[in-house]
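S.K.: Could you have a look at this structure, given as structure tokens, before my questions?
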Amino acid sequence: QVQLVESGGGLVQPGGSLRLSCAASGSIFSISVMGWYHQAPGNQRELVATITSGGSTNYVDSVKGRFTISRDNAKNTVYLQMNGLKPEDTAVYYCNADLRRTSWSPVTRYWGQGTQVTVSS
């Protein structure tokens, strides 16, 4: 079994910062891409940022310059540092990981349970 557990969400004022963490555990052979998505009420889940095992990153335009994604491969953990938060960043944030459970397993995407981020004064 594989689990992704997120932490670090909460309530923050506009302009503030939060750091999200997501740790993958269980029977894992390798993880290729890890990422963060968010979903606001009434909206679809949308990409925020991704990072490969080699450290290449990709961001949606709305967070460029404000958010930074990073990962610790030894800990199977991905982070999202969010600075300059805006009310429109309010959403449930989900992490995911594209991983193989064994060397012969197909790549499968796993999701965390989500963590609420609320930006409000």
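S.K.: When you count, for each residue, the other Cβ atoms within 10 Å and take the mean per peptide, how do 17-29, 35-47 rank with the highest first? Don't skip to the answer; put the middle values down first.
M.R.: Numbers: 17-29: 16.5, 35-47: 14.5.
Going from most to least packed, we get 17-29, 35-47.
S.K.: So the label point goes 7 Å from the Cα of Ser25 along Cα→C-beta, right? Which residues of region 51-73 then have their backbone N under 17 Å from it?
M.R.: Once the point is set 7 Å along Cα→Cβ of Ser25, 72-73 turn out to lie under 17 Å by backbone N, inside region 51-73.
S.K.: Based on the Cβ-Cβ distance from Trp111 to Lys75, what FRET efficiency comes out when R0 is 22 Å, to the nearest 0.05?
M.R.: Details: r = 19 Å, r/R0 = 0.85.
It comes out at approximately 0.75.
S.K.: Continuing with this model, one more query. Give me the percent relative contact order of the chain, please, defined on Cα pairs under 8 angstrom at least 6 residues apart. Could the numbers behind the result be given before it?
M.R.: On the way: 304 pairs, mean separation 44.0, N = 121.
Result for the chain is 36 percent.
S.K.: Let's see if you can work this out: charge +1 on each Lys and Arg Cβ, -1 on each Asp and Glu Cβ, no other charges. What is the dipole magnitude of the chain about its Cα centre, in debye to the nearest 20? Please report the intermediate quantities before stating the final value.
M.R.: On the way: 10 positive and 7 negative charges, 48 e Å.
The dipole of the chain has a size of about 220 debye.
S.K.: Let me ask you something else. So if R0 is 35 Å, what FRET efficiency would Ser53 and Ser120 give, r being the distance between their Cβ atoms, rounded to the nearest 0.05?
M.R.: On the way: r = 36 Å, r/R0 = 1.02.
For Ser53 and Ser120, the calculated efficiency is 0.45.
S.K.: Report the far tail of the P(r) of region 1-45, meaning the percent of Cα-Cα pairs longer than 11 Å. List each step's numbers first, then the result.
M.R.: Numbers: 768 of 990 pairs.
Cα-Cα pairs of region 1-45 separated by over 11 Å account for 78 percent.
S.K.: Just add up the charged neighbours of Thr115: K/R +1, D/E -1, any other residue whose Cβ is under 14 Å from the Cβ of Thr115. Present the calculation step by step, with values, prior to reporting the outcome.
M.R.: Details: positive: Arg19, Arg45; negative: Glu6, Asp89.
Around Thr115, the surrounding residues sum to 0.
S.K.: Once neighbouring chains are kept in place and the probe is 1.4 Å, which whole percent of the accessible area of the chain is contributed by carbon and sulfur?
M.R.: On the way: 2990 of 6340 Å².
Solvent-exposed carbon and sulfur of the chain make up 47 percent of the total.
S.K.: Keeping every protein chain present and rolling a 1.4 Å probe, give me the accessible area per residue for the chain in Å².
M.R.: Working: 6340 Å² over 121 residues.
Value returned for the chain: 52 Å² of accessible area per residue.
S.K.: In the chain, how does Rg compare with the Kirkwood Rh, expressed as the Rg/Rh ratio over alpha carbon atoms?
M.R.: 0.98
The values are calculated or read from the model by the stated rules, or taken from the named source; none is laboratory data. Predicted, not measured: the structure shown is a model, and the values here were computed from it. Please note: Cβ atoms are built from the backbone with ideal geometry, for glycine as well, and neighbour counts cover all protein chains shown. Remember, those area values only see protein heavy atoms, side chains included, never the ligands or the DNA or RNA. Shrake-Rupley method; radii C 1.70, N 1.55, O 1.52, S 1.80 Å.
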